[in-house]
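Below is one structure; the comments refer to it alone.
The values are calculated or read from the model by the stated rules, or taken from the named source; none is laboratory data. In this text the structure is predicted, and so the values were computed from the model without any measurement. Note that each Cβ is placed from the backbone with ideal geometry, even for glycine, and that neighbours are counted across all protein chains shown. For accessibility, only protein heavy atoms count, side chains too; no ligands or nucleic acids. Shrake-Rupley method; radii C 1.70, N 1.55, O 1.52, S 1.80 Å.
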Amino acid sequence: MSDAVDTSGAAADGFEPRITAFVCNWCTYTGADLAGTSRLHMASNVRIIRLPCTGRIDPLFIVKSFERGADGVIVSGCHPADCHYTSGNYHARRRFAVFHDLMEFVGVDPRRMTFSWVSASEGAKWRDVVDEAVANVRALGPFEAYRALAPEDAGVAAPAGARVEAEAS
Amino acid sequence: MSEVREVARKLLTDGTVRVIVGWEDARRGARPVFVTDPADTERLIFDTRCVHNLVTYLNPRRDNVAELGKIGLVVKGCDAKAVAGLLREAQLTRDDVVLIGVRCGGVLEEAELPKAASLSPENVAPRCYGCDNREPELVDHLLGESQPEPPRPVMTIDERVAALDAQPLEERWAFWTEQFSKCVRCYACRQVCPLCVCERCVAEKSRPQWIEAPPHPRGNLSWNITRALHLAGRCVDCGECERFCPVGIPLSLVNRKLQHIVAERYGYTVSDDPESPAPIGDYRLDDKQEFIK
Amino acid sequence: MSRIGVFICHCGENIGRTVDCEAVTEALKDHPGVAFTEDYKYMCSDPGQQLVKKAIEDNDLTGVVVAACSPHMHEKTFRRACDQAGLNKYMCEMANIREHCSWIHEDRGEATEKAVDITRTIVEKVKHNQPLESIHIPVTKRALVIGGGIAGIQAALDIADGGHEVVLVEKEASIGGHMSQLSETFPTLDCSQCILTPRMVEAYQHPNIKLHTWSEVEKVDGYIGNFTVKIRKKARSVNEDLCNGCGDCQEACPAKRIPSEFEAGLGNRTAIYVPFPQAVPNIPVLDRQNCTLFKGRRKGLAKDACGKCKEACLKDAIDYDAEDTFIEEEIGAIVVATGFQLYSIGREQPEGLKGYGEYGYGEVPDVIDGLQFERLASASGPTAGAILRPSDGKEPKTVVFVHCVGSRDSEKGISYCSKICCMYNAKHAMLYKHKVHDGRAVAFYMDIRAAGKGYDEFSRRAIEEDGAEYIRGRVSRIFRDGDVVKVWGYDTLSQEQVVIDADMVVLATAMRPQDGVRELAQKLSVSTDEHGFINEAHPKLRPVETNTAGVFVAGACQAPRDIPDAVAMASATGAKVLSLFSADELEREPAVAIVNENTCIGCMNCAKVCAYGAIEQREICTVDGHVCGHVAYVNPGVCQGCGTCQAVCLSKSVELQTFTDEQIFSEINALCYWE
């Protein structure tokens, strides 16, 4: 999927994607912890929201993230058969398959939505998932198309990066 | 349609039901009618103008209908699937209703309703093409003659979905955001849907608010995605949402796409068998997961 | 208005090296709802925790965010500190700026920016945290053990010795299970009866154990700590209170040629019978299927065709009109120990299994299975321990043992290894050689799997000391040829065809779960695997628990197990049950789902996705008590807090505490917080 995307690095305009990751507590969150304890360096664009299980994740969390200006989303949980809660990931898999296909039908580039299974021992895989998602979204550019849907008075969607300066000042 | 009248009269006369919900003749085609007096059963009709999915009156939230007493309902194949949906989700028990099934060979498109009664590629409701339930099974009475397959419309829904699928992402995005931007959030699609049974729709939930309430393109997209997802594997393709949409959003395309998704991924087609499990809420160990890394 | 304290940890240099902790503190200082900020070198140290506690007290904080390491590392630590300072511990959350930030980024600017985001996100979450209290569930301190084999007996004894009542239910007339049929046990060759019988008697006489034999579990309601179990006591036709086990009825019974289940069909029993002499309880049961009197009654004879046992009984304990009775027991925990059965060598096979036509479907009388050999070798068996073949009672001079019959043979319907056969085949070869010194024992094997204490030594002994011939390869055909049983096989090591004229063949058939285990699993809301074995909750970390809280599993109903395994599992379940019974109430984390009854429409889609059966339908009534509908109810004693129900709920009428929609939405909003 990513082969059509330029993964060579930052775009010329300094665009830094904002990516929200919804991960389960038992596998991917712990896998991301392992990436940390293993000091695996990765792109800093991903912000993690911890949930008990992928089964807990409503597709509308993803819609909400896009609404709020995310350029990409990651959903990650336990591999099939490894779910801490036995079957939450199986239910999530169906829900996200349908959501994935529907969003594609509506015209959302699927490369903005990364779904993965990352176990507690796959710190390196987590790094790869993060880096690939960031590269994909970086190549696709900011999700202006979604932000353009915002009502005019909402006061949202300052360009990415603007906040950093505001904070630094 | 004397058979329907006869069965209805008998059910009312012997007290099996207190009200029959069916169709009657009206100036602009057929319209739903509630018959409580056996003498009034003469008003009942069934022909290609009877497009309405009357199962929406079985919605447990419509308690003014329930107050009339036990219902006898006239159902086409697609309507029977909606009854199965309500049974599947414990919104109804089979004893709550007597189902008078009618063999159906398709209905007319909305614009054609007042006029011709026989179907042609030009006037048939496109969703009827390829119907797999012309003779509903989940019924107490099955009436009418065996019907031929509905004619192939000039452009089928599947062809329209395929045409959209063939477009680049940006054009699909442009198409849908334009369509959804028309939405005025009247929720007619929801009100008429036989399976939108929630007492408090997620669209009306606050704290937290799931869907922005004002009708602007962003909230409209969220609403339409949510509506579609909530009906994934549940939609019976009765076409009522699109028919009632005052701004003409082609909801049947979204509904059909979701039918394709659950059929291709899970081999699931919605039926009027209430025992068959819905695809969302069920799983197989080897479900397709090509989109997952 | 929230008053949240934000505590930023440097973790020595671990965070401070890449994250500018002062800048994070500064960024959070004026964040709405933040009342206190502080950074410190080691927040988890005692002075660090003191700092948190003092800040809570001094500033009247309503919430605490510790920006430090992973919550998996120190969430408990800081929640405890909050608790000690009088702040509800569920008002404390951790922002992971170490594993998820400082350790994986190099650029100080990027890392600091991200640390601010992460911390702010958690602050926004904590604004919507609710003070929660642990859930307390009363516990009935009585256990039910289903199955009275060695696993069930062991579990019952352990729990009973721990001081709690046990109800032990066994479907057969006696406890003891398959172990009571064995001659000697590997790897020590001690007599099975000798080690088992005392346990059986102990279980029978234990003041804390209430034994129901010839009984089955009919229905299970309730949840952990609070089950109600209905037990069917099948009509025994013998009054257990009156019978003194004298055996006169068996003597009197005219139907004496009924194949004995205990003797694996190699011996006979009467219609009224005690399955074996050491049976516990020593009370007969009347087999109505084979009883002359009941046969007559079924034919509609006006007068009873027999009645000899009743005449013979001096205690008047025989009751031909006895019917099944039901009893209800209040139970706090359940141990399932229903054991196994062997893959049938006959033509009749259950669905999914094919059987062995090439081995004559067991129609050659001198082709027997492992349990039959046990009975032949047993001193109390039909031949009093002499190895004599079934067809003509001659001593077989050549015996072929075939491993993996049914096991590891997907073609025949079973892919798994039955685990015990390599060992008992070695044992059989030894027992045979010990009894028939000039005999020849040949074993066809696929691999020798002898992992266990003393196991490899044992199977080597069979070969090296007792001279059993082991041929690596499968047997392709077994058939009768005059007086001998021809065995065609293939030696894969020498790559030669092997033909053996055997006098007897013993098939090591696969271990399968007992019939009816799926139905029982359904009653208990536990799952079974494709073969019908009961699924454990986690294959490594929760091997004796099931997905239903309060239901445990021991022995061969979970997977093929040998005796030491089964006993170890049984004692493990005993420990689990005793720890559950150690307090009057069960305390659980409040991370459970709660249904909003005002908006729930009772579609029960949530119940369909709940892996724990925690959700049930509950009727709701109007003020005058009239039932007006139903809603879903999540049993907090059973809920494990995954939240899958919440995601499928269309009307958003169920909320998982500690991960509510409002908390998550606040996090999403905070992440995309544009200034």
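Could you compute the FRET efficiency for residue B:118 and residue B:290, with r as their C-beta to C-beta distance and R0 at 35 Å, rounded to 0.05? Efficiency for this residue pair is about 0.15. Among B:239, B:72, B:248, the residue with the largest mean-square fluctuation in a Gaussian network model of chain B, with springs joining Cα atoms closer than 10 Å, is B:248. For chain B, modelled as a GNM whose springs connect Cα atoms under 10 angstrom apart, the maximal fluctuation among B:91, B:179, B:167 occurs at B:167.
If you take the Cα centroid of the range C:387-401 and the Cα centroid of the range B:140-181, the two points sit 75 Å apart.
For chain C, the Stokes-Einstein estimate of translational diffusion at 25 °C and a viscosity of 0.890 mPa s comes to 83 µm²/s, using the Kirkwood hydrodynamic radius over alpha-carbon pairs.
Cα extents for the range C:127-220 along the principal axes, largest to smallest and rounded to whole angstrom: 68, 31, 24.
Full extension of the chain segment joining residue C:29 with residue C:189 gains 50.1 nm, where the gain is 0.36 nm per residue of separation less the Cα-Cα distance. Take the Cβ atoms of residue C:464 and residue C:522, set R0 to 35 Å, and the FRET efficiency comes out at 0.10. Placing +1 on the Cβ of every Lys and Arg and -1 on the Cβ of every Asp and Glu, with nothing else charged, gives the range C:4-132 a dipole about its Cα centre of roughly 480 debye. Between residue C:621 and residue C:584, the FRET efficiency from the beta-carbon distance, with R0 = 25 Å, is close to 0.20.
Over 28 Å, how big is the tail of the calculated P(r) for the range C:345-512, in percent of all Cα pairs? Tail of P(r) above 28 Å: 15 percent of Cα pairs. Toward the positive end of the charge dipole of the range C:264-415, with +1 on the Cβ of Lys and Arg and -1 on the Cβ of Asp and Glu, the farthest Cα among C:305, C:274, C:333 is that of C:305.
The Cα atoms of the range C:4-132 cover 39, 29, 23 Å along the three principal axes, with the biggest extent listed first. Nearest 10 degrees is fine. How inclined is helix C:455-464 to the longest principal axis of chain C, computing both from alpha carbons? Taking Cα atoms only, the helix is inclined about 30 degrees. Computed from backbone phi with θ = phi - 60° and the Karplus coefficients 6.51, -1.76 and 1.60, the 3J(HN,Hα) list for the range C:16-30 is x, 5, 9, 9, 7, 4, 5, 5, 5, 4, 4, 5, 8, 4, 9 Hz; x is used for glycine and proline. The contact between chain B and chain C removes approximately 1600 Å² from the accessible area (both sides summed; 1.4 Å probe; ligands, DNA and RNA excluded). Take the Cα of residue C:17, go 7 Å toward its beta carbon, and the backbone nitrogen atoms of the range C:98-117 under 14 Å from that spot belong to C:98-99, C:101-108. Which pairs in the list C:89/C:523; C:233/C:299; A:64/C:608; C:233/C:354; B:182/B:257 are over 29 Å apart, alpha-carbon to alpha-carbon? Check vs 29 Å cut-off fails for C:89/C:523; C:233/C:354. Remark: the range B:79-93, residue by residue, has Karplus-estimated 3J(HN,Hα) of 5, 4, 4, 5, 4, 4, x, 5, 5, 4, 9, 6, 8, 7, 10 Hz, where x stands for each Gly or Pro and the curve is 6.51 cos²θ - 1.76 cosθ + 1.60 at θ = phi - 60°. Comparing B:21, C:243, B:59 along the charge dipole axis of the protein assembly as shown, the residue lying farthest to the positive side is C:243, per the Cβ-charge model.
Remark: chain B carries a charge dipole of roughly 920 debye about the Cα centre, counting +1 on each Lys and Arg Cβ and -1 on each Asp and Glu Cβ. Taking the inverse of the mean reciprocal distance over all distinct Cα pairs, the Kirkwood hydrodynamic radius of the protein assembly as shown comes to 34.5 Å.
Mean projected area of the Cα convex hull of the range A:19-147, taken over all directions, amounts to 6.9 nm². One decimal place: the segment residue B:110-residue B:64 gains 13.8 nm when fully extended, by the rule 0.36 nm per residue minus the C-alpha distance.
Beta bridges assigned by DSSP with both partners in the protein assembly as shown are antiparallel in approximately 45 percent of cases.
If Lys and Arg each add +1 and Asp and Glu each add -1, what is the summed charge of the other residues whose beta carbon sits under 12 Å from the beta carbon of residue C:295? That works out to +2. Across the protein chains, with a 1.4 Å probe defining accessible surface, the residues B:2, C:45, B:222 rank B:2, C:45, B:222 from largest area downward. Roughly speaking, what is the stretch gain from residue B:13 to residue B:169, that is 0.36 nm per residue apart minus the C-alpha to C-alpha distance, in nm to one decimal? Stretched fully, the residue B:13-residue B:169 segment lengthens by 50.3 nm. Net charge dipole, chain C: roughly 2020 debye, given to the nearest 20, about the Cα centre with Cβ charges of +1 for Lys and Arg and -1 for Asp and Glu. 3J(HN,Hα) along the range B:243-254: 5, 8, 5, x, 10, x, 6, x, 5, 4, 5, 5 Hz, from the Karplus curve 6.51 cos²θ - 1.76 cosθ + 1.60 with θ = phi - 60°, whole Hz, x for Gly and Pro. By accessible area, using a 1.4 Å probe on protein heavy atoms only, chain C has 48% of its surface on carbon and sulfur.
What is the helix-to-structure angle for C:46-59, meaning the angle in degrees between its Cα long axis and the longest Cα principal axis of chain C, kept from 0 to 90 and rounded to the nearest 10? Once rounded, the angle reads 60 degrees.
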